[in-house]
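Below is one structure, written out as structure tokens; the observations come after it.
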Amino acid sequence: MKKINHFFNRGDTSFIIRVLSIISFTAISGLVNAQVELISGKYADFRLPDETISINIGEEQQLAVQQQWLLELDDMDVSEMLQVEGEHLSYQPIQALIPGSHTIRLSKSTAEGEISEVASWRFEVRQSETFKQYGAAANVQITDTYRADEHNLSEPLPKRQQVQGSSQFSYSADTGNWHTQGQFDLIYNSSNDGLFGARKLNNGEFLFSVANQVADIQVGHQNIGKADLVMDNFRRRGVSVGGTFSGINSHVTGFSLSSEDVVGFRRGLALGDSQRRVDGINFEVDPFSDETLVIHGTWLTGKEQDSSGLIGSIDDLEPGVSKGTAKSVSVNSQLLESRLQIAADYGNTRFNANTFDNTLDAISDNAYRVQLAYGDTTESGINWNAGFERSQVGTFFKSLANQGIGADIQLTQANAGLQWETVGLQASFQRQKDNVKRLVELPRTQTDLSSVSLSWTPSIENPDKWYGSPSFDGAYSKQDQKQTLLPLGTLLPETDSTLDNWQINSSFNYSSGSWGFSVGQNKFTDFTGIQNNTDTTTFSINASISLLEQKLTLAPTIQFDSSKDLATNITSDSVSYGVQSSFILLEDTLDGSILVNFNQNRITDNSINTNASSSALTLNWHALEAKPNRLGIDVGLNAQYDDTRDKIFTENSIGTYQVFLTISVVFPAQIGVVQ
């Protein structure tokens, strides 16, 4: 529906009258003619989602032709559905309006075709008097798979029939002052027989929250605050309580989370075991409310059990326990209209990896990171950017809430790039060192990585030519690794090597498909002679084409790989080619796919010489389309065939196949509106 363009006579005082209201039901502009009014619904200060919108135009405003009245709802023209009954205009929304603020605008057209606004109103929609919005949903899916036939499968055979299911239950409710929402996942697998604590029906993740303008509580799997040096990618089950202080635009969160990644019904909230828990406080302050200066901090303390068995215990029966504390502070700033971004992080940890017999003292170490980034656009339209980072993580830096951070690393890197119309260029340099404390007992390795990439996507006026709409990109990288310190008597091998890599990609796109190719080389050189030098090249071609009004799609691929050991002159060659097709037999009812792949592997010393092929056929019958609050049913047939022929060790040659029948039932249930 097209939007109506309005023309206003700014000299007419009838367009200057504006009524503002603190309540949600407000007329935002109107004529002096008081006869035109929006008729209240069931409630005076809000409307229900499916209520009819009625306007009283008065006797003087009545017009003979219905089309002369124009109505907009949230800037969308709904005049065709406007009903005129004497002095009343009415509009019944086709779909229930979503909760929140809405605007309607009434206009009329003159015989000369001019459009003038009569009045406009803003009103609030709520789902009920108590709740501005509420809803609940459940998305349930169950798949029953039956293996109808098989040949040459390895023993023991899996169960012939397997049932898997999943469901996600969610809800949300908003009163305007308080908001709550939740999610709870269930997973079913008939193959789980109870061994090692496996359950057929189990819980995946869950999260429930309650919040208002000043406080919030979360129970379940959650991430706390922004990522920093001591807490990053730490999604764990537990409880957090937060408070917002609007006067200084800050938020503080206290949390108690499991130090292990817990799923399932076991361990409840995972807070009862003090040996596997992390407690802490996280805060964030934005004093100027514009991200000019944002201060973020984390303090935590916790323990975890050692599942690897590397930490001994006092009686050799219980796993060892490690514990520690960590704290960090981060400062982020966006200046010059966000063109310049500055970030600085500092962290400190104190960690003890043996707390049962206390034979080891806790070790303290530090980490820091400084980042600068700047981007702008020149008068000629060139977008450019540049960045710099310097960071160091101490040899003994360890936080229970950031298991992924690498210790004993010093990093310096810089990057720059530009985009000019259809051409892009990026370049970067990185230097990484270990043994940051320069311990004389340990070697020190320096790794330099340089890279540059270029892309070009020309603007084509006529994409119907043989090259269609092309795109090209290329990249080159070089890695140098060597030891700058090697202690006398060390048993570790010396490191001095380079790795060169380049790659060129291209694609050509058309209205009915595309094709492209890629070529690259990877060359490794070890100057110490400990490892053999190698040279690897790769070439691939891929395509995709749609036929029969997109009812048939073919996607062939072919790839050649060759790797040569320069010390032994032994070459390993691999060729892979195949085609994947998808087809539609009956629109929205019957479709499927066919996949055929072939692979040849050969090494010139005759240690490997194999041919392998695989084929798969899938047919899907969409017996009943899933819709809100209505079951959906799919029935499928899947056949797989794999064949391997070993020309060196012929006893390894084997051919296998499997045939499966599946039925999937989906039930998407929902009431109200779920955020």
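The values are calculated or read from the model by the stated rules, or taken from the named source; none is laboratory data. These figures come from a predicted structure and were not determined experimentally. So basically every Cβ, Gly included, is an ideal-geometry build from the backbone, and we count neighbours across all protein chains shown. Accessible surface is based on the protein model in full, side chains and every heavy atom, while ligands, DNA and RNA are left aside. Shrake-Rupley method; radii C 1.70, N 1.55, O 1.52, S 1.80 Å.
Can we say Gly474 is within 27 Å of Gly375 (Cα to Cα), open to solvent by less than 40 Å² (accessible area, probe 1.4 Å), in contact (Cβ under 8 Å) with a residue 12 or more places away in the chain and not aliphatic (A, V, I, L, M)? I'd like the intermediate steps shown before the answer.
On the way: within 27 Å of Gly375 (Cα to Cα): yes; open to solvent by less than 40 Å² (accessible area, probe 1.4 Å): yes; in contact (Cβ under 8 Å) with a residue 12 or more places away in the chain: yes; not aliphatic (A, V, I, L, M): yes.
So Gly474 fits the description; yes.
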Val393 fails exactly one of the following numbered conditions: (1) crowded, with 17+ Cβ neighbours inside 10 Å; (2) under 16 Å from Gln419 (Cα atoms). What is the number of that condition? (2)
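Within the bounds of region 493-509, is there any residue that is at positive phi, in a strand (DSSP E or B) and surrounded by 16 or more Cβ atoms within 10 Å (Cβ to Cβ)? Walk me through it before giving the result.
Step one: of region 493-509, the residues at positive phi are none.
No - not one qualifying residue is present in region 493-509.
What residue, of Ile558, Ile584, is open to solvent by 50 Å² or more (accessible area, probe 1.4 Å), within 21 Å of Gln503 (Cβ to Cβ) and either aliphatic (A, V, I, L, M) or at pLDDT 95 or above (or both)? Steps first, please.
On the way: Ile584 fails: within 21 Å of Gln503 (Cβ to Cβ).
Only one candidate qualifies: Ile558.
Report, by residue number, each residue of region 458-478 that is small (Gly, Ala, Ser), in a strand (DSSP E or B) and over 24 Å from Ile409 (Cα atoms).
Taking region 458-478 first, the residues small (Gly, Ala, Ser) are 459, 468-469, 471, 474-475, 477.
Next, from what is left, pick out any that are in a strand (DSSP E or B): 469, 471, 474-475, 477.
Answer for region 458-478, where residues must be small (Gly, Ala, Ser), in a strand (DSSP E or B) and over 24 Å from Ile409 (Cα atoms): Ser469, Ser471, Gly474, Ala475.
Can you tell me how many residues within region 142-168 are assigned to a strand (DSSP E or B) and open to solvent by 80 Å² or more (accessible area, probe 1.4 Å)? Give the derivation first.
Residues of region 142-168 assigned to a strand (DSSP E or B): 142-151, 161-168.
Retained after the next criterion (residues that are open to solvent by 80 Å² or more (accessible area, probe 1.4 Å)): 142, 146, 151, 161, 164, 168.
Residues flagged as assigned to a strand (DSSP E or B) and open to solvent by 80 Å² or more (accessible area, probe 1.4 Å) within region 142-168 amount to 6.
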Single residue of region 321-357 satisfying the filter (outside any strand (DSSP E or B) and crowded, with 17+ Cβ neighbours inside 10 Å) that is modelled with the highest pLDDT: Ala353
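Say we look at region 648-672 and pick out the residues that are assigned to a strand (DSSP E or B) and hydroxyl-bearing (Ser, Thr, Tyr); which of these is nearest to Lys627 (Cα to Cα)?
Narrowing region 648-672 to residues assigned to a strand (DSSP E or B): 654-672.
Checking the rest, the ones that are also hydroxyl-bearing (Ser, Thr, Tyr) come to 656-657, 662, 664.
Values: Thr656: 39, Tyr657: 36, Thr662: 21, Ser664: 15 Å.
Per the stated criteria, the residue is Ser664.
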Selected residue (criterion: modelled with the highest pLDDT) from residues of region 57-76 that are open to solvent by 30 Å² or more (accessible area, probe 1.4 Å) and of a type outside the set (A, V, I, L, M, F, W, C): Asp74
Tally of residues being more than 14 Å from Gln141 (Cβ to Cβ), assigned to a strand (DSSP E or B) and not basic (Lys, Arg) across region 625-635: 1
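Residue-by-condition table, conditions (1) without any contact (Cβ under 8 Å) to a residue 40 or more places away in the chain; (2) open to solvent by 80 Å² or more (accessible area, probe 1.4 Å):
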| residue | (1), (2) |
| --- | --- |
| Thr589 | yes, no |
| Ile608 | no, no |
| Phe649 | yes, yes |
| Phe660 | no, no |
| Ile663 | no, no |
| Val666 | no, no |
| Gln670 | no, yes |
Looking only at region 172-189, decide whether some residue is acidic (Asp, Glu), farther than 30 Å from Leu637 by Cβ and free of Cβ contacts under 8 Å to residues at least 24 places away in the same chain. no
Test Arg199 against the stated conditions and say whether it is part of a loop (DSSP other than H, G, I, E, B) and in contact with a Lys or Arg (Cβ under 9 Å, 6 or more places away or on another chain). yes
Is region 446-468 home to any residue that is basic (Lys, Arg) and surrounded by 16 or more Cβ atoms within 10 Å (Cβ to Cβ)? no
Only residues that are open to solvent by less than 50 Å² (accessible area, probe 1.4 Å), among the β-branched types (Val, Ile, Thr) and either under 29 Å from the mean Cα position of the chain (by Cα) or within 30 Å of Leu442 (Cα to Cα) (or both): list them for region 510-532, please. Thr525, Thr528
Working only within region 121-136, note down all residues that are part of a strand (DSSP E or B) and farther than 14 Å from Gly41 by Cα. Gln133, Tyr134, Gly135, Ala136
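Where in region 386-457 are the strands (runs of 3 or more DSSP E), entirely inside, with at least 1 residues that are among the polar types (S, T, N, Q) and touching a Leu at 6+ places or on another chain (Cβ under 7 Å)?
Once the strands (runs of 3 or more DSSP E) in region 386-457 are filtered for at least 1 residues that are among the polar types (S, T, N, Q) and touching a Leu at 6+ places or on another chain (Cβ under 7 Å), what remains is 423-433.
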Look at region 591-614 and say how many of its residues are more than 20 Å from Ile654 (Cα to Cα) and among the small types (Gly, Ala, Ser). 2
Answer yes or no: is there a residue in region 208-221 that is aliphatic (A, V, I, L, M), under 30 Å from Gln410 (Cβ atoms) and open to solvent by less than 50 Å² (accessible area, probe 1.4 Å). no
Looking at region 82-120 only, could you name the residues that are open to solvent by 80 Å² or more (accessible area, probe 1.4 Å), in a strand (DSSP E or B) and under 29 Å from Val673 (Cα atoms)? Gln83
Across (1) open to solvent by 50 Å² or more (accessible area, probe 1.4 Å); (2) in contact (Cβ under 8 Å) with a residue 12 or more places away in the chain; (3) in a loop (DSSP other than H, G, I, E, B), Arg369 clears everything bar (3)
Answer yes if at least one residue in region 592-606 is more than 30 Å from Gln483 (Cα to Cα), at pLDDT below 95 and not β-branched (Val, Ile, Thr), and no otherwise. yes
Near pairs, Cβ below 8 angstrom, 6+ apart or cross-chain, from region 407-424 (β-branched (Val, Ile, Thr)) to any residue that is open to solvent by 40 Å² or more (accessible area, probe 1.4 Å) and outside any strand (DSSP E or B): Ile409/Asp434; Thr422/Thr457; Thr422/Ser459
Count, please, the residues in region 557-588 that happen to be under 34 Å from the mean Cα position of the chain (by Cα) and of a type in the set (D, E, K, R). 3
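Can you tell me which residue in region 424-445 is farthest from Asp500 (Cα to Cα), limited to those that are of a type in the set (Val, Ile, Thr) and open to solvent by less than 50 Å² (accessible area, probe 1.4 Å)? Can you show your working first?
Applying the first criterion (of a type in the set (Val, Ile, Thr)) to region 424-445 yields 436, 440, 445.
Filter once more, keeping what is open to solvent by less than 50 Å² (accessible area, probe 1.4 Å): 436, 445.
Working: Val436: 27, Thr445: 19 Å.
Out of the qualifying residues, it is Val436.
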What residue, among those in region 253-269 that are at pLDDT below 85 and charged (D, E, K, R), is surrounded by the fewest Cβ atoms within 10 Å (Cβ to Cβ)? Arg266
